[in-house]
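Written below as structure tokens is the structure these notes are about.
The values are calculated or read from the model by the stated rules, or taken from the named source; none is laboratory data. In this text, all values refer to a predicted model and were calculated from it rather than measured experimentally. Here the Cβ positions follow ideal geometry from the backbone for every residue, glycine too, while neighbour counts run over all protein chains shown.
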Amino acid sequence: MDSVIPSQYAVILSAAKTPPVVRRLLDRKATTETFRFAQDGNLQTMDAIVIIGGGGHAKVVVCILRKLSQYHILGYTDLSDNGDLAGVPYLGLDRKLAELKAGTEKLNAVLAVGQVGLGERRCELWTRLQSCGVSFPLIASPDAIINEGVSAAEGTVVMDGSVINIGATLGRGAIVNTNSTIEHDVELADWVHVAPGATVSGGVTVGRFSMIGAGATVIEGIKIAARCMVGAGATVVDDLTEPGVYVGSPARRIR
């Protein structure tokens with residue numbers, strides 16, 4: 001198995017809570033790093049962030065960021081202009097990040113490129129964008145349930161309705177998608193995607209770049225190798241020791 005989380009990137013999550021409503025004090029400018037707000041009489045800040053990707057997954061990430069009330073979304077980058085993305089403007093190609101970063105000490109980005117398949121594409125994007133000097137914070141929906149003792153690396157995105165239980169570790173760039181369950185002591189390596197409605201039972205390890213498809217179930221203690229694609233609705237009852245595509249109940253390798 002690949003190393004799950006390099007210690008220098010790990011952060012500890014506590015149970016997510018919906019942040020209080022904030023009141024705008026100053027006009028927000030797209031080139032400004034932080035934005036001042038008042039919350040119970042205290043000045044707060046909102047950090048600038050750019051969405052990487054312009055599809056459906058990115059729209060859901062936009063909604064999560066708004067609920068967090070922590071970030072000011074400057075816009076999104078994509079290969080094409082898809083118009084306003086849930087009210088967020090198109091900024092241009094990914095190279096726009098270098099221009100934005102040049103005008104500020106810190107610029108955040110969230111990798112909001114969904115996938116049906118393995119995670120190499122997201123990893124390649126992240127590697128390339130690192131040269132722009134942007135930061136990829138952990139993004140966790142306030143409508144997720146994240147219990148104590150959970151750790152996650154940079155760039156992880158936790159979506160609405162997901163449940164992550166004690167002792168779980170999430171690697172860099174992991175996606176825990178809508179209404180999925182990550183049970184106790186699960187280890188997700190870097191760039192793993194657990195799709196909507198999937199259940200990963202206690203003590204499971206999932207290797208780098210693998211994907212657990214929508215509605216799939218992985219029973220307790222299973223080990224899944226790197227670069228495995230578990231199809232939608234599959235049930236994994238035995239270790240998956242080789243990269244490949246696995247479907248059915250019980251899951252079997254088809255290629």
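In table form, for the structure just shown:
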quantity: Flag if S69 is farther than 21 Å from Q130 by Cα and at pLDDT below 85; calculated: yes
quantity: D143 being part of a loop (DSSP other than H, G, I, E, B), out of contact with any Gly (no Cβ under 9 Å at 6 or more places or on another chain) and under 20 Å from Y71 (Cα atoms); calculated: no
quantity: Some residue of the stretch 33-40 being polar (S, T, N, Q), in a strand (DSSP E or B), at pLDDT 90 or above and closer than 28 Å to S131 by Cβ; calculated: no
quantity: Meets criteria (within 19 Å of L240 (Cα to Cα) and either surrounded by fewer than 20 Cβ atoms within 10 Å (Cβ to Cβ) or acidic (D, E) (or both)) for D143; calculated: no
quantity: Flag for D190 being touching a Ser or Thr at 6+ places or on another chain (Cβ under 9 Å), over 20 Å from E120 (Cβ atoms) and acidic (D, E); calculated: no
quantity: The one condition in (1) over 15 Å from the mean Cα position of the chain (by Cα); (2) over 25 Å from A216 (Cβ atoms) that E154 fails to fulfil; calculated: (1)
quantity: Some residue of the stretch 82-103 being touching an Asp or Glu at 6+ places or on another chain (Cβ under 8 Å), in contact (Cβ under 8 Å) with a residue 60 or more places away in the chain and not acidic (D, E); calculated: no
quantity: Boolean, G114 is touching a strand residue (DSSP E or B) at 6+ places or on another chain (Cβ under 8 Å), in a loop (DSSP other than H, G, I, E, B) and without any contact (Cβ under 8 Å) to a residue 12 or more places away in the chain; calculated: no
quantity: Candidate set from the stretch 156-176 (those that are closer than 17 Å to V113 by Cβ and not hydrophobic (A, V, I, L, M, F, W, C)); member that is surrounded by the fewest Cβ atoms within 10 Å (Cβ to Cβ); calculated: G173
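For (1) in a loop (DSSP other than H, G, I, E, B); (2) crowded, with 23+ Cβ neighbours inside 10 Å; (3) acidic (D, E); (4) in the same structural domain as T217 (by TED's automatic domain parsing), each residue gets a yes or a no:
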| site | (1), (2), (3), (4) |
| --- | --- |
| A98 | no, no, no, no |
| E105 | yes, no, yes, no |
| V110 | no, yes, no, no |
| L118 | yes, no, no, no |
| C123 | no, no, no, no |
| E154 | yes, no, yes, yes |
| T178 | yes, no, no, yes |
| P196 | yes, no, no, yes |
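Residue-wise test of (1) within 24 Å of D160 (Cα to Cα); (2) modelled with pLDDT of 50 or more; (3) more than 21 Å from the chain's Cα centre (by Cα).
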{"position": "V22", "(1), (2), (3)": "yes, no, yes"}
{"position": "M46", "(1), (2), (3)": "yes, yes, no"}
{"position": "G54", "(1), (2), (3)": "yes, yes, no"}
{"position": "V61", "(1), (2), (3)": "yes, yes, no"}
{"position": "D78", "(1), (2), (3)": "yes, yes, no"}
{"position": "D81", "(1), (2), (3)": "no, yes, yes"}
{"position": "Y90", "(1), (2), (3)": "no, yes, no"}
